[in-house]
Amino acid sequence: MSILHARQLSAGYGPVTVLHDIELVVEEGEIVVILGANGAGKTTTMRAVSGTIPRQGSVELNGHDITKLSPDAIVRQGVAQVPQGRGTFPELSVHDNLRAGAITRHDGSAAVAADMERWYGQFPRLAERKDQRAGSLSGGEQQMLAIARALMSRPKLLLCDEPSLGLAPLITQELFAVIERLNKEEGLSVLLVEQNANLAMHMASRVYLLETGRIVAEGSAEELSADDTIRKAYLGF
Amino acid sequence: MKTIATIKSGGTASWAIRLVTAAVVVYLMFWIPTSASNGMIDSCITALTLMAAAMSLNLLLGYTGLISIGHSAFFGIGAYTTGILVSRYGWSPFQTLAVAFVIAFVVGALVSLPALRIKGVYLALVTLALGLVFPQLVKAQKLEWLTGGARGLDKTGFRFTKDNPTYEIFGWNPWGSLRGENVKPFHYWIAMIIVIGVYLVCRGVVKSRAGRSMIAIRDNETAAAVMGVNLAITKALVFGLSAALCALPGSLSAIRTGNVTPDSTNITVQGAITFLIVMVVGGAGSLWGPIIGAGLFVFITELTGDWSDPDQIPGIIRPLFSWSNTPPGSGIFAILLIVLMFVAPFGIVGMWRRLVARFVTVTPRPAGTGTIESVVSAPAEA
Ligand SMILES: Nc1ncnc2c1ncn2[C@@H]1O[C@H](COP(=O)(O)OP(=O)(O)O)[C@@H](O)[C@H]1O
Ligand SMILES: [Mg+2]
């Protein structure tokens, strides 16, 4: 059973439909990457999965239908989202941002504190800055914070929307290394959106190519880069 | 930037500052009812009333980013609940506070339902309508048996009789005489307890899990939702709580003046606007902002209370205000608001923090529970 299975998923904004009947699968333990140009509908896909915009079709999590659930209920079911542009809370401290990530949890403050220590271990730079305002962090640190905050809800599936946006290539590499490590060590399944194929392809278990709200190709990184037309048209190398 | 002093948060110096501040506040708290003139005690009660109302609004706008230009209606609900129960049904005023709280909570939560769907200027308009409708509603002919119509209600406060005890402590009596000769200190203490209560509730909420949800909604609603904040329930609860807290100073006003009329300032929309301005001038999104704003507002209006007579205006500034034939207090405060929006958009508390930061470094830099920054400048959500 796949951890995420979206069928005939359509979504949009008001009268405008942006996403047309896409099918999307994430298997347990995979890193699935959605590639697409600016405006292709990648963010819309993420929002449709997390339930923050109205959607048609069906979304299943571990075989359970979550199509009708509200965004907070979907978080409780184990889907955490790092929204595009990070969405950290600038006026809260790093520590309080992490605590805010545990809003859905009711397993006691000791368990929450233990998880914070765990993510501070994974992101030492956040540990050094735990009492600072999140707004005073660098872009890369804020992205790490956004990921750590999402992990605080103990997700089975992490949705990550263009984490490389606005980051220097070196920082992006570091960030992707962290995501890969979380995937290997913690068994976290990841659905990641990227514009830049070079950066994300090598760590992807599978790749979807999105164009104007439709999936135009799907396969492993090798399969897609082996196809000359796809490589030239979409991957740009 | 190099500063004169460095204070370690949680260190001895920071505790010393807190201790001194607390000592001054407590000293003033007792000095006013025992040593100040009756007129000054009265002004203080007015200020305390406004503080509680502005603090309640701060939970909504300052911490959750939801606007209300109709909080006078909740103030009115408090005043009328107390007024009706005391004058018509003979309740003790203290008991009515709880009822006012509950009624305002329910009405507030119901009113918030549109707040779940609408934002910004539309929410402002819906709440404005509420504020406009409330005085009309209580004046309605059909409700006259209950609300007293346009005349309102009287005998809504405590009855002071010769048989009341005096509660002196070795001849010292900060509560005034409950036998009717000197009741201002007694009302002062009710006001003070309400303000302390509202402050503690606000503080508790803001620093709790609920407070983090509220600030999350204010700073980035989408991010809050994908973190699992239930937007609908959180907003409804905050609206309800804010309304309920605003009803308490309303009840207090009925208790203090002994009557309730639909045209008294704090029950009309003008009151709602005053709460709003006072809060923003003091510093929205900070616990002390509304307290400082309300204090300053009452100070200015009292200071300029007789300036409608040009001879009362101190010499140098007479030409500035002699054209006005009403006391210019609110006008001065309005100008202060405009000026502050330019030089210190986060109010007096924000300005104070910036000033302190010039001279003193607090380490580690406190993150606090946030200023209203993100309400003023829309969150950068892509
Ligand atoms: N909040 C919105 N309201 C209306 N249209 C939107 C909104 N967000 C995105 N769109 C439109 O949806 C399309 C896809 O956008 P998006 O999903 O953000 O693309 P991507 O993330 O791939 O760059 C674009 O044409 C964009 O203009
Ligand atoms: Mg996008």
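The values are calculated or read from the model by the stated rules, or taken from the named source; none is laboratory data. Quantities reported herein were computed from a predicted structural model and do not represent experimental measurements. Using ideal geometry, Cβ is built from the backbone for each residue, glycine included, and neighbour counts are taken over all protein chains shown. The protein model used for the area step is the full one, side chains on, heavy atoms only, and it has no ligands, DNA or RNA in it. Shrake-Rupley method; radii C 1.70, N 1.55, O 1.52, S 1.80 Å.
Looking at the square roots a ≥ b ≥ c of the eigenvalues of the Cα gyration tensor of segment B:13-99, which shape do they give, rounded for a/c under 1.5, prolate if a/b is larger than b/c, or oblate? Cα axes put segment B:13-99 in the oblate bin. Computed with a 1.4 Å probe over protein heavy atoms only, the accessible area of B:Lys139 comes to about 70 Å². Excluding ligands, DNA and RNA, the accessible surface per residue across the protein assembly as shown is 45 Å² with a 1.4 Å probe.
Secondary-structure-derived ellipticity at 222 nm for chain A, considering helices only, amounts to -10000 deg cm²/dmol, per-run term -39500 (n - 2.57) for DSSP H runs with n ≥ 4.
Per residue, chain B reaches -21500 deg cm²/dmol at 222 nm when only DSSP H runs of four or more residues are counted, each adding -39500 (n - 2.57). With the cut-off at 1.5 for a/c, could you classify chain B from its C-alpha gyration tensor as rounded, prolate or oblate? Since a/c stays below 1.5, the shape of chain B is classed as rounded. In segment A:67-84, the residues whose accessible area drops by at least 50 square angstrom when the other protein chains are added to the isolated chain are A:Asp72; the probe is 1.4 Å and only protein heavy atoms count.
Let me know the longest stretch in chain B that avoids all chymotrypsin sites (Phe, Trp or Tyr not before Pro) found in a DSSP loop with at most 12 other C-beta atoms within 10 Å.
Values: sites that count: B:Tyr167, B:Phe170, B:Trp323.
Maximal segment without exposed cleavage sites: B:1-166.
When the other protein chains are added to the chain by itself, burial of at least 40 square angstrom of heavy-atom accessible area (probe 1.4 Å, ligands and nucleic acids ignored) affects these residues of segment A:116-136: A:Asp131, A:Arg133. Give the lysines reachable from B:Lys139 as a straight Cα distance under 19 Å; neighbours fewer than 8 places away on the same chain don't count. Counting by Cα, and skipping residues close in sequence, B:Lys139 has these lysines nearby: B:Lys155. Computed with a 1.4 Å probe on the full set of protein chains, the accessible area for B:Glu168 sits at about 110 Å².
The translational diffusion coefficient of the protein assembly as shown, from Stokes-Einstein at 4 °C and 1.567 mPa s with a Kirkwood hydrodynamic radius over alpha carbon pairs, comes to 48 µm²/s.
Pairs A:Lys156/A:Lys184; B:Lys119/B:Lys235; A:Lys130/B:Lys235; A:Lys68/B:Lys207; B:Lys207/B:Lys235: which are spaced more than 21 Å apart, C-alpha to C-alpha? Before the final figure, lay out each step's value.
Numbers: A:Lys156/A:Lys184 13 Å; B:Lys119/B:Lys235 12 Å; A:Lys130/B:Lys235 28 Å; A:Lys68/B:Lys207 33 Å; B:Lys207/B:Lys235 17 Å.
Long pairs (Cα-Cα over 21 Å): A:Lys130/B:Lys235; A:Lys68/B:Lys207.
Estimated at the nearest 10 Å², the accessible area of A:Val25 is 20 Å² with a 1.4 Å probe.
A Förster radius of 45 Å, combined with the Cβ-Cβ distance separating A:Ala127 from B:Ala129, puts the computed FRET efficiency at roughly 0.35. With the simple spin-label model, which puts each label point 7 Å out from Cα in the Cβ direction, the A:Ala111 to B:Met40 separation comes to 5.7 nm.
Which whole-number percentage describes the relative contact order of chain B, with Cα contacts under 8 Å and a sequence gap of 6 or more?
Working: 626 pairs, mean separation 113.5, N = 382.
Result for chain B is 30 percent.
Heavy atoms only, probe 1.4 Å: what % of the accessible area of the protein assembly as shown goes to carbon and sulfur, would you let me know? Write out the running numbers ahead of the final one.
Working: 17170 of 27870 Å².
Of all accessible area on the protein assembly as shown, carbon and sulfur atoms account for 62 percent.
Total buried accessible area between B and A, probe 1.4 Å, nearest 100: 2400 Å². The mean number of Cβ atoms from other chains found within 10 Å of a Cβ in peptide B:82-90 is 0, as a whole number.
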